[in-house]
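J.: Before I ask anything, let me first share the structure, which is written out below as structure tokens.
Derivation of every value follows stated rules applied to the coordinates shown; laboratory data play no part. Computed from a predicted structure; not experimentally measured. So basically every Cβ, Gly included, is an ideal-geometry build from the backbone, and we count neighbours across all protein chains shown.
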Amino acid sequence: MYPSRFRYEAPRSLGEAFALLAEHGDEAKVLAGGQSLIPLVKLRFAAPAMLVDINGIPELAYHREDADGSLRIGALCRHADLERSPLLPGNHPTMAAAAPLVADPIVRTRGTLVGSLCHADPQGDWASVMLALNGEIIAQGPNGRRTIPAVDFVVGPFQNALHPGEIAVEARVPAARGTVSGSYLKLERRVGDFATAGVAVAIESVGGQVIRAGIGLTGVGAGNIKAVEAEQSLVGYTLDPDVIARAAELAAGAARPKTDHRGSAEYKRHVVATFVRRALSGYRAPVAA
Amino acid sequence: MEERRITVTVNGEPRTVEIEPRLLLAHLLRQGLGLTGTHIGCDTTNCGACTVLYDGRPVKSCTMLAVQADGHEVTTVEGLGTPSELDPVQEGFTTEHGLQCGFCTPGMMMAAKALITENPNPTEEDVRWGLSGNLCRCTGYQNIVKAVLWAAEKQRAASAAASTDVTV
Ligand SMILES: Cc1cc2nc3c(=O)[nH]c(=O)nc-3n(C[C@H](O)[C@H](O)[C@H](O)COP(=O)(O)OP(=O)(O)OC[C@H]3O[C@@H](n4cnc5c(N)ncnc54)[C@H](O)[C@@H]3O)c2cc1C
Ligand code: FES
Ligand code: FES
């Protein structure tokens, strides 16, 4: 199908982009990788009056690690850039595990991490990773920048906390302390399918003792879930089997799955517990499944 | 609604066209430029039959606007080789019977071309992974994987020969 008519502009700078967005208020949409938005306008589930294509703003195409170890991901950093990034495997195992599991290889060429967070699909993978890592989103508008914690960024299915006229320019992962471990495990019926269930785990430890734990759940609720009780149950402990079992049970308890074509609620809850156990036991998902 | 004049380099040749911004790249290629080798197999960005190279990287042309290609390079299956001089990927699909109905083939070949350009020596696993965004309803994939491995080997041999030529 053809999208309905819209005005299209491809600004060359953020300043130009803000001016264009201001003209059209909430009738305007930012076009990043287009891998969620174009399917929607093609099927006419969305009919924005104006698309502001940010692909021509080179200053948004980056991801880098700061001296303190925090990671910044620009709005035009593609899933594929992260999948191939030499920065991730060592210090950012949860991000490294998730990148190759988002969508399929061709969609990953275009789709962006920041766009995925903005799209706020309850089945999206990156939001769980950001919840586990206590990530933040930097929103910028004509009046300056503000930082929105990932836990506050999604306000409902397909709804984010941006004001009309704002662009999410960057996602940020704070620096970890101590030894970092973690993973992202995803059960999908086939490549390119959204998760039946997915679990992001991020652990920081010193001398074998957990000092911070993050657990995010995908596909098992009306949105991505931060399993706070499960996280807290790990802090101060070493990852012994009984500690792991308790966290797995708490995470499964935090899940709110619904029975659908991907599986029963009970099954999904079971998968959550299994994935939390595996991720905490140091199991790394095979990258090429 | 206003039309836009854009210039896209398609298979090495600059093409200037007037289009509406809502036109999809796949439709520009097929209807606007008559390059019907690029197939459209779904409405949901799942099948990959429409895969083309955009500045050398594989994209689903049904999920990009034609206007986004302004000033960029697009390579379609028509630009892969010529009947007298097939690309190693095309030869591989012929030799290893990498197709049955052929509907998925143009997209498969473009994805394969991108794959072996980035990774000239892929394992079978790499090929299966790299082509996992392209669906085939006929072959069961076995011969497609063989075709791509064949093409990678051919391409390696060709570039080895080329570098010997230079040093001799
Ligand atoms: C076949 C297929 C399979 C997929 N499978 C998965 C999957 O398994 N897991 C998964 O997580 N995702 C999946 N996706 C979605 C994919 O990850 C998208 O890339 C992602 O959801 C959106 O990123 P984008 O850059 O393409 O954004 P776009 O499609 O360009 O935009 C999406 C929305 O976010 C807004 N937006 C984007 N960027 C910004 C910004 N910087 N500031 C403000 N607003 C912005 C847009 O206005 C739009 O409303 C799949 C997509 C397809 C087509
Ligand atoms: S036509 Fe199916 S992915 Fe483009
Ligand atoms: S050969 Fe028929 S779809 Fe692949």
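J.: What net charge do the residues around A:Arg64 carry, taking every other residue with its C-beta under 13 Å from that of A:Arg64, with Lys and Arg at +1 and Asp and Glu at -1?
T.: -4
J.: Mean shadow of chain B, computed from the convex hull of its alpha carbons, in nm²?
T.: About 10.6 nm², averaged over all directions.
J.: Something else about it: If each DSSP helix of 4+ residues adds -39,500 (n - 2.57) and the sum is divided by the residues in chain B, what number results at 222 nm, nearest 500 deg cm²/dmol?
T.: That comes out to -10500 deg cm²/dmol.
J.: Could I ask something else about it? Which aspartates and glutamates have a Cα less than 15 Å from the Cα of A:Lys268, not counting those fewer than 8 places away in the same chain?
T.: Output for A:Lys268: A:Glu188, A:Glu249, A:Asp260.
J.: With the cut-off at 1.5 for a/c, could you classify the protein assembly as shown from its C-alpha gyration tensor as rounded, prolate or oblate?
T.: Since a/c reaches 1.5 but b/c is at least a/b, the shape of the protein assembly as shown is classed as oblate.
J.: For chain B, what does the relative contact order come out to in percent, with C-alpha contacts under 8 Å and a separation of six or more?
T.: Numbers: 296 pairs, mean separation 37.8, N = 168.
RCO, chain B: 23 percent.
J.: Also: Tally Lys/Arg at +1 and Asp/Glu at -1 over every other residue whose Cβ is under 13 Å from the Cβ of A:Ala49; what's the total?
T.: Once positives and negatives cancel, what remains is 0.
J.: Turning to a different aspect of this structure: Given Cβ point charges of +1 (Lys, Arg) and -1 (Asp, Glu) and nothing else, what value in debye, to the nearest 20, does the dipole of segment A:152-199 about its Cα centre take?
T.: Values: 5 positive and 5 negative charges, 54 e Å.
It works out to roughly 260 debye.
J.: Here's a follow-up. Sketch the reach of a paramagnetic label on B:Glu153 as a point 7 Å from Cα along Cα-to-Cβ, and name the residues of segment B:95-133 whose backbone nitrogen lies under 14 Å away.
T.: Those under the cut-off are B:95-97, B:121-124.
J.: Applying 1/(1 + (r/R0)^6) with R0 = 41 Å to the Cβ-Cβ distance of A:Ala175 and A:Glu23, what FRET efficiency is obtained, to the nearest 0.05?
T.: Working: r = 39 Å, r/R0 = 0.95.
Computed FRET efficiency for A:Ala175 and A:Glu23 comes out at 0.60.
J.: Work out the length of the dipole vector of segment B:8-162 about its Cα centre, built from +1 on the beta-carbon of each Lys and Arg and -1 on the beta-carbon of each Asp and Glu, and round it to the nearest 20 debye.
T.: Magnitude of the dipole: close to 300 debye.
J.: Multiply the residue separation of B:Ser84 and B:Ala160 by 0.36 nm, subtract the distance between their alpha-carbon atoms, and state the gained length in nm to one decimal. Could the numbers behind the result be given before it?
T.: On the way: separation 76, 0.36 × 76 = 27.36 nm, distance 2.21 nm.
In short, 25.1 nm is gained.
J.: Mind checking the mean number of beta-carbon atoms from other chains within 10 Å of the Cβ atoms in A:31-38?
T.: Average per residue, whole number: 4.
J.: Please say if segment A:7-56 is rounded, prolate or oblate, where rounded means a/c under 1.5 for a ≥ b ≥ c the square roots of the C-alpha gyration tensor eigenvalues, and otherwise the choice is prolate for a/b larger than b/c and oblate otherwise?
T.: Oblate, since a/c reaches 1.5 and b/c is not below a/b.
J.: What does DSSP give for chain A in terms of the percent of beta bridges that are antiparallel, rounded to the nearest 5?
T.: Rounded to the nearest five, the antiparallel share is 85 percent.
J.: Let me ask something additional. Rounded to the nearest 5, what is the percent of antiparallel bridges among the DSSP beta bridges in segment A:1-108?
T.: 30 percent
J.: Along the charge dipole of segment A:179-281, Cβ charges K/R +1 and D/E -1, which of A:Gly236, A:Pro257, A:Ala202 sits furthest on the positive end?
T.: A:Pro257
J.: Greater than 32 Å separation of Cα atoms is the criterion. Which listed pairs, A:Lys186/B:Lys60; A:Lys29/B:Lys113; A:Lys29/B:Lys146, meet it?
T.: Check vs 32 Å cut-off fails for A:Lys29/B:Lys113; A:Lys29/B:Lys146.
J.: I want to check the label-to-label distance for A:Lys258 and B:Thr7. Put each point 7 Å from Cα in the C-beta direction and report it in nm to one decimal.
T.: 5.2 nm
J.: OK, next. Once Lys and Arg get +1 and Asp and Glu get -1 on their Cβ, which of B:Pro88, A:Pro122, B:Met110 lies farthest toward the positive end of the dipole of the protein assembly as shown?
T.: Of the listed residues, the answer is A:Pro122.
J.: Still on this structure: Determine the shielding of peptide B:60-69 by partner chains: average, over its residues, the number of Cβ atoms on other chains within 10 angstrom of each Cβ.
T.: Mean number of neighbouring Cβ atoms from other chains: 6.
J.: Further, regarding this structure: Taking each residue in A:105-114, count the Cβ atoms of any other chain within 10 Å of its Cβ, then average. What number comes out?
T.: Mean inter-chain Cβ contacts per residue within 10 Å come to 6.
J.: Within 10 Å, count the other beta carbons around each residue, average over each peptide in A:197-203, B:57-63, A:217-223, B:112-118, and list them highest first.
T.: A:197-203, B:57-63, A:217-223, B:112-118
J.: So if R0 is 45 Å, what FRET efficiency would A:Tyr2 and A:Arg72 give, r being the distance between their Cβ atoms, rounded to the nearest 0.05?
T.: 0.75
J.: Okay, next question. What's the magnitude of the charge dipole for segment B:4-79 around its Cα centre, counting Lys and Arg as +1 and Asp and Glu as -1 at the beta-carbon? Answer in Debye, nearest 20.
T.: Dipole size: approximately 120 debye.
J.: I want the local charge near A:Ala255. Using Cβ-Cβ distances under 13 Å, sum +1 for each Lys or Arg and -1 for each Asp or Glu among the other residues.
T.: Value of the local net charge: +2.
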